[in-house]
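This report refers to the structure that appears directly beneath it.
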Amino acid sequence: MAKDANAHFAQVARSLAGPTGSIPEWLDLPDPKGFRPKRKYETIWISDVHLGTRGCNADMLVDFLRSVECRTLYLVGDIVDGWRLRKNWYWPDAHNEVIRRILKMAHRGTRVVFIAGNHDEMLRDYAGLTFGGVELVMEAVHETKDGRRLLVTHGDAYDGVVLYHKWLAYLGDQAYGLLLRANIVFNAVRRRLRMPYWSLSAYMKKRVKNAVAYICSFEEAVAAEATARGFDGVVCGHIHCAEIRTFGGITYYNDGDWVESCTALVEDLHGHIAIVDWVAETGGRSAPGDETAPENAPVGTPLPAPAGIRPAGAMA
């Protein structure tokens, strides 16, 4: 099955590349003109996209990436779900479009740094190399515009379940997959009723006592590592729970995911970091197959920026 997955990855790569290995023409094609002006950021962090799974909100992520510009884009792990692809190949064109958008950003001058996570751990063997302008690393150090040093890591190294009981992590992944499939059916019904996207799985996870305790212990472990290594803060993903909070003198940032919450971290031109909630920004209308998308939205009417931005200290 792993060989089949590798063959499929090769096929995807050929479809994205030019006919003779040269730069593909689509990299230089102009973007479709949107009615929202692009927001300019110093840095953007996204993680846990899980391309290759049915739960991935690829259309919503493409919509977000088309709406922003930044100097540096960090892909903080689990961008591709190798665990799931080994068992069952699923790769619609919307997932190709995410890759195309990221490569376009790299081609047009954005520094793109890919930190491999546990679900795309097959890429860790290639850390230190650059593919299509994308730097592949194990972790990174980011200096904000206001001079703070942040450790950027996926975070699975500080997850006791993944670290010491990988079989339990796989079992948990199966259960989580069932919950996400229920989430897909749930939102299909909501679309029929002309209601926006809403994550049932995220709602349930935040209300299960053991899940809340796990999240808190994970956050403390990551913050402790950043403290021990002399950083001012840490940016991670892994647990699909966007958050900004402080532990002593350390600021913990989690950029969330694009399966449940559809969130990212953004750093403005002055070094301030906030959470962008793209579901709140769009009213959930960018979800795949969403029939409630406004077909006759007035051109030139931008979405209100504050609606989906959570400042430091706000709860996920």
* Taking the residues in the range 199-237 that are basic (Lys, Arg) and either modelled with pLDDT under 90 or closer than 17 Å to residue 47 by Cβ (or both) as candidates, determine which candidate is surrounded by the most Cβ atoms within 10 Å (Cβ to Cβ). => 205
* To do: Considering each of 122, 60 in turn, give the residue that is under 23 Å from residue 137 (Cα atoms) and of a type outside the set (Lys, Arg).
  => 122
* **Residues that are touching an Asp or Glu at 6+ places or on another chain (Cβ under 8 Å) and not in a helix (DSSP H, G or I), drawn from the range 75-101** => 76, 77, 78, 79, 80, 81, 89
* Do the conditions hold for residue 146, that is, is it among the acidic types (Asp, Glu) and not in a helix (DSSP H, G or I)? -> yes
* Asked: Before we move on, is residue 135 part of a strand (DSSP E or B) and surrounded by fewer than 19 Cβ atoms within 10 Å (Cβ to Cβ)?
  -> yes
* To do: Please go through the range 72-129 and pick out each residue that is touching a residue at least 60 places away in the same chain (Cβ under 8 Å), closer than 18 Å to residue 236 by Cα and either surrounded by fewer than 23 Cβ atoms within 10 Å (Cβ to Cβ) or more than 17 Å from the chain's Cα centre (by Cα) (or both).
  => 72, 118
* Condition broken by residue 274, with the remaining ones in (1) touching a Pro at 6+ places or on another chain (Cβ under 8 Å); (2) within 28 Å of residue 191 (Cα to Cα) satisfied -> (2)
* To do: Report yes if residue 38 is touching a strand residue (DSSP E or B) at 6+ places or on another chain (Cβ under 8 Å), modelled with pLDDT under 95 and over 25 Å from residue 89 (Cα atoms), otherwise no.
  => yes
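The values are calculated or read from the model by the stated rules, or taken from the named source; none is laboratory data. All of these numbers come straight from a predicted model, not from anything done at the bench. FYI the Cβ positions are ideal-geometry reconstructions off the backbone, even for glycines, and counts take in every protein chain you see.
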